[in-house]
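Trainee: After the structure tokens below, expect a handful of questions from me.
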Amino acid sequence: MQKLALRWKRQSVRVGFVPTMGYLHAGHLSLVREARKRVGRNGKVVVSIYVNPTQFAPTEDLAKYPRDLKRDLKLCREAGVGVVFTPDDAEMYPGRQNRKSEIGNRESFSTYVVEEQLARVMEGVTRPAHFRGVTTVVVKLFNLVLPDVAVFGQKDFQQAAIIKRMVRDLNFSVKIIVAPTLREADGLAMSSRNKYLDAEQRAQAVILFHALQAAKAAVSQKTISAARLKSDLKEFFTAAPQARLDYVEFFDPETLEPVAQVKLGTQMALAVFVGKTRLIDNARL
Ligand code: AMP
């Protein structure tokens, strides 16, 4: 991939990049369209499909993460993607599983990129090693694809904030675009993980969206304390017995600092277990 990317650089071809874990849906394809818009007809759009092991904890769904490369490639072809980059673990993390990876072992993978501030809250609490895996793989992918523009989804709000911070802190020249969340007809945010839900769980999963709507409605009239809203939302979730609230936070969209008073413009994010499936969503109130 890097050889091709270097050739494009020499030819001044603009490159737009959409990193994904595959099992593509319309949300991913909206990022592809955004990338195309940014690089123009003469530019190249690259989509990577890689289920990155370093962002999964041992207890998480790495092994059963949904995959359908044939379908993904077809969708990419139809969307006018120039190159689909599908590296494997041996290419991305040579020697990572090497049990003898001690000092002096030249085979082992031992360099990670860590954002130390924004990664501590929300997803970082429930999934402590997650963002280290994300920032590391994104840096590796940036170095392989050499994009001018990279498009991420607002659906993963904290991830996008961390990538933007990393790009600023480490002087990457890539421009980061954050594109809106695409939703199903009833409001559930599109996600590859929605495939895990059975019919009953799928029906109840829309409670994430309804919680965002309810909070929006509540603060459209007046400022409310975060503690009060959180306790109201806990109550709200009793309506969906299959759903268990992991966290709900109200925070400043730039710093991710929690706010005591929630008002219009505050960012809200939540994570919810529906059965065993963990779903996230967020919105600007
Ligand atoms: P994933 O394959 O889940 O790692 O997601 C790859 C990219 O697609 C990330 O930047 C996500 O934020 C973005 N994405 C995921 N779901 C959606 C959605 N419903 N709408 C827009 N972008 C999304």
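Trainee: I want to confirm something. Restricting to the stretch 159-175 and keeping residues that are more than 24 Å from residue 93 (Cβ to Cβ) and of a type outside the set (D, E, K, R), which single residue is farthest from the ligand (Cβ to nearest atom)?
Mentor: Top of the filtered list is 171.
Trainee: Next question. Taking the options 121, 47, name whichever one is more than 22 Å from residue 20 (Cβ to Cβ) and within 21 Å of the chain's Cα centre (by Cα).
Mentor: So the residue among 121, 47 that is more than 22 Å from residue 20 (Cβ to Cβ) and within 21 Å of the chain's Cα centre (by Cα) is 121.
Trainee: Among the listed residues 206, 178, 167, identify the single one that is buried (at least 17 other Cβ atoms within 10 Å of the Cβ) and without any contact (Cβ under 8 Å) to a residue 12 or more places away in the chain. Break it down into steps so the answer makes sense when it comes.
Mentor: Working: 206 fails: without any contact (Cβ under 8 Å) to a residue 12 or more places away in the chain; 178 fails: without any contact (Cβ under 8 Å) to a residue 12 or more places away in the chain.
After applying the criteria, what remains is 167.
Trainee: Let me ask another. Which one of these does residue 183 not meet: (1) more than 10 Å from the ligand (Cβ to nearest atom); (2) touching a helix residue (DSSP H, G or I) at 6+ places or on another chain (Cβ under 8 Å)?
Mentor: Only one criterion is unmet by residue 183, namely (1).
Trainee: A further question on this structure: Would you be able to say whether some residue in the stretch 258-265 is assigned to a loop (DSSP other than H, G, I, E, B), β-branched (Val, Ile, Thr) and crowded, with 21+ Cβ neighbours inside 10 Å?
Mentor: The first filter runs over the stretch 258-265 and keeps only residues assigned to a loop (DSSP other than H, G, I, E, B), leaving 259-260, 263-265.
Of the ones still in play, those that are also β-branched (Val, Ile, Thr) are 259.
Right, trim to crowded, with 21+ Cβ neighbours inside 10 Å and you get none.
There is no residue in the stretch 258-265 that is assigned to a loop (DSSP other than H, G, I, E, B), β-branched (Val, Ile, Thr) and crowded, with 21+ Cβ neighbours inside 10 Å.
Trainee: A follow-up question, please. Among the residues of the stretch 29-51, write down those that are within 15 Å of the ligand (Cβ to nearest atom) and without any contact (Cβ under 8 Å) to a residue 24 or more places away in the chain.
Mentor: Passing the criteria: only 37.
Trainee: Which condition number does residue 135 fail, the rest of (1) more than 10 Å from the ligand (Cβ to nearest atom); (2) under 14 Å from the mean Cα position of the chain (by Cα); (3) over 22 Å from residue 93 (Cβ atoms); (4) hydroxyl-bearing (Ser, Thr, Tyr) being met?
Mentor: (3)
Trainee: (1) more than 30 Å from residue 67 (Cβ to Cβ); (2) in a strand (DSSP E or B): which one isn't true of residue 235, the others all being true?
Mentor: Of everything listed in (1) more than 30 Å from residue 67 (Cβ to Cβ); (2) in a strand (DSSP E or B), residue 235 misses just condition (2).
Trainee: Still on this model: Being under 19 Å from residue 123 (Cβ atoms) and either within 16 Å of the ligand (Cβ to nearest atom) or not in a helix (DSSP H, G or I) (or both) is the filter here, so list the residues in the stretch 189-220 that pass it.
Mentor: Answer for the stretch 189-220, where residues must be under 19 Å from residue 123 (Cβ atoms) and either within 16 Å of the ligand (Cβ to nearest atom) or not in a helix (DSSP H, G or I) (or both): 189, 190, 191, 192, 193, 194, 196, 205, 208, 209, 212.
Trainee: Using the structure shown, decide if residue 156 is in contact (Cβ under 8 Å) with a residue 12 or more places away in the chain, more than 8 Å from the ligand (Cβ to nearest atom) and either in a helix (DSSP H, G or I) or of a type in the set (D, E, K, R) (or both).
Mentor: No: the conditions fail for residue 156.
Trainee: Right, next: The conditions are (1) in a helix (DSSP H, G or I); (2) surrounded by fewer than 16 Cβ atoms within 10 Å (Cβ to Cβ); (3) at pLDDT 95 or above, and residue 91 fails exactly one of them. Which is it?
Mentor: (3)
Trainee: Quick one: would you say residue 54 is within 15 Å of the ligand (Cβ to nearest atom), surrounded by 17 or more Cβ atoms within 10 Å (Cβ to Cβ) and within 30 Å of residue 11 (Cβ to Cβ)?
Mentor: no
Trainee: From (1) at pLDDT below 95; (2) surrounded by 18 or more Cβ atoms within 10 Å (Cβ to Cβ), pick out the condition that doesn't hold for residue 110.
Mentor: (2)
The values are calculated or read from the model by the stated rules, or taken from the named source; none is laboratory data. Just so you know, these numbers come straight off a predicted model, no measurement behind them. Virtual Cβ from ideal backbone geometry, glycine too; neighbours counted across all protein chains shown.
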